[in-house]
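The values are calculated or read from the model by the stated rules, or taken from the named source; none is laboratory data. Computed from a predicted model, the values in this text were never measured in an experiment. Counting neighbours? That spans all protein chains shown, and the Cβs are built from the backbone with ideal geometry, glycine included.
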Amino acid sequence: MAKCVCLGAKLKCSFGNKPVDMLVLPLNKTITAFFKPLANKMDFIPALNVPSFGLCLSPANPLNWKMAGPVPVFIPSTCIPVPVSPWSPVAEKTKIGGQPAMLDTSKTTCAFTGSIKVDDPGQTTVEAN
């Protein structure tokens, strides 16, 4: 079975230059034995749940293109993640805060075409189905 994702899970973006820790607020959430709130499919809010991945290396990000005279030049800028949909796949039966639990296999997509995935769920004991 897949592992549930919790506060402190490592997230990675295909266009970010560093992994980051996910933030999960303990509002109406199940808490693990280690006192970490578990995430659900709706925990994809930029800056709140999904922090900056350092520099954005996506050519689809318009902030990465600067003008050098008449020619645009690619210069990576600070990542501002913009997840466009809830996490998927998620648990079919296990609910956290009334929503399906987020799993270590869950992914979402950034508006700048980056694939955001779980690198480490933050815990190894809580599983979901």
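A few points about this structure:
- The residues of the range 1-18 that are of a type in the set (D, E, K, R) and loosely packed, with under 15 Cβ neighbours inside 10 Å amount to a single one, LYS18.
- A search for C-beta distances below 8 Å between a residue of the range 27-45 that is at positive phi and any residue that is modelled with pLDDT of 75 or more, counting only pairs 6+ apart in sequence or on different chains, returns ASN28/GLY97; ASN28/GLY98.
- Residue match in the range 8-23 (condition: of a type in the set (A, V, I, L, M), farther than 20 Å from LYS95 by Cα and in contact with a helix residue (DSSP H, G or I) (Cβ under 7 Å, 6 or more places away or on another chain)): no
- So ASP43, is it acidic (Asp, Glu), closer than 20 Å to THR125 by Cβ and not in a loop (DSSP other than H, G, I, E, B): no
- Test set (1) modelled with pLDDT under 95; (2) part of a strand (DSSP E or B); (3) surrounded by fewer than 16 Cβ atoms within 10 Å (Cβ to Cβ) - LEU27 fails condition number: (2)
- The one condition in (1) within 13 Å of the chain's Cα centre (by Cα); (2) among the hydroxyl-bearing types (Ser, Thr, Tyr); (3) surrounded by fewer than 16 Cβ atoms within 10 Å (Cβ to Cβ) that THR109 fails to fulfil: (3)
- Within the range 105-121, residues that are aromatic (Phe, Trp, Tyr) have Cβ atoms under 6 Å from residues that are modelled with pLDDT of 95 or more in these pairs: PHE112/SER58; PHE112/ALA60; PHE112/ASN61, counting only partners at least 6 apart in sequence or on another chain.
- Only one entry in PRO81, PRO76, PRO46 is crowded, with 21+ Cβ neighbours inside 10 Å, modelled with pLDDT of 95 or more and either closer than 17 Å to CYS13 by Cα or not β-branched (Val, Ile, Thr) (or both), namely PRO81.
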